[in-house]
1. What number of residues within the range 48-89 are open to solvent by 50 Å² or more (accessible area, probe 1.4 Å), assigned to a loop (DSSP other than H, G, I, E, B) and among the β-branched types (Val, Ile, Thr)?
2. Can you tell which of VAL12, VAL24 is touching a strand residue (DSSP E or B) at 6+ places or on another chain (Cβ under 8 Å) and open to solvent by less than 20 Å² (accessible area, probe 1.4 Å)?
3. Quick one: in the range 90-108, of everything that is open to solvent by 50 Å² or more (accessible area, probe 1.4 Å) and not in a loop (DSSP other than H, G, I, E, B), which residue is farthest from GLY30 (Cα to Cα)?
4. Looking at the range 33-47, is at least one residue of a type outside the set (A, V, I, L, M, F, W, C), open to solvent by less than 50 Å² (accessible area, probe 1.4 Å) and modelled with pLDDT of 90 or more?
5. Condition first: closer than 16 Å to TYR99 by Cβ and touching a residue at least 60 places away in the same chain (Cβ under 8 Å). Now tell me which residues in the range 16-38 satisfy that.
6. All but one of (1) part of a strand (DSSP E or B); (2) free of Cβ contacts under 8 Å to residues at least 40 places away in the same chain hold for ASP13, so report the exception by its number.
Amino acid sequence: MKLRYMIDSILVDPKAAVPEYRPVGVWVQGPGPGLDIEMFYPNNSRGDIQDRREQAHWIINRLVESDALTIPDDFLEYHRQSRSPYDGVFSEQVETGEYPSVNACGLAVLQFLKIPA
């Protein structure tokens with residue numbers, strides 16, 4: 001199964017001369033059918049991470065409320081390009097066939113990044 005994912009990072013210190021970003025979550029898109037997308041963030045997150053998690057879940061809510069049946073192939077890229085670097089960044093997309101499911105991929109990437117699930 002081919003999956004695509006990107007890592008969500010937040011800006012550490014908005015006042016720093018050189019921006020530094022910290023990974024806080026991962027978005028994983030499966031091959032479908034339907035709304036085959038999941039966003040993974042730590043369950044016990046607070047502050048900026050919790051805000052980012054809620055924003056990600058609202059994206060899914062808006063898709064459901066608009067009766068979307070599928071998501072476009074460029075869904076991750078659209079969100080990566082629309083993110084303001086003053087707020088954070090998304091990594092380039094990674095395509096993988098290493099994981100059997102969207103859930104397995106998201107949890108593995110969180111663990112790799114040492115972000116508690």
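The values are calculated or read from the model by the stated rules, or taken from the named source; none is laboratory data. These numbers were taken from a predicted model, which means no experiment stands behind them. In this analysis, Cβ positions are derived from the backbone assuming ideal geometry, glycine residues included, and neighbour counts consider all displayed protein chains. These area figures cover heavy atoms from the full protein model, side chains too; ligands, DNA and RNA do not enter into them. Shrake-Rupley method; radii C 1.70, N 1.55, O 1.52, S 1.80 Å.
1. Number satisfying all stated conditions: 1.
2. Numbers: VAL12 fails: open to solvent by less than 20 Å² (accessible area, probe 1.4 Å).
VAL24 is the lone residue from the list that is touching a strand residue (DSSP E or B) at 6+ places or on another chain (Cβ under 8 Å) and open to solvent by less than 20 Å² (accessible area, probe 1.4 Å).
3. Among those that are open to solvent by 50 Å² or more (accessible area, probe 1.4 Å) and not in a loop (DSSP other than H, G, I, E, B), it is LEU107.
4. yes
5. Result: VAL26, TRP27, VAL28, GLN29, GLY30, ASP36, ILE37, GLU38.
6. Of everything listed in (1) part of a strand (DSSP E or B); (2) free of Cβ contacts under 8 Å to residues at least 40 places away in the same chain, ASP13 misses just condition (1).
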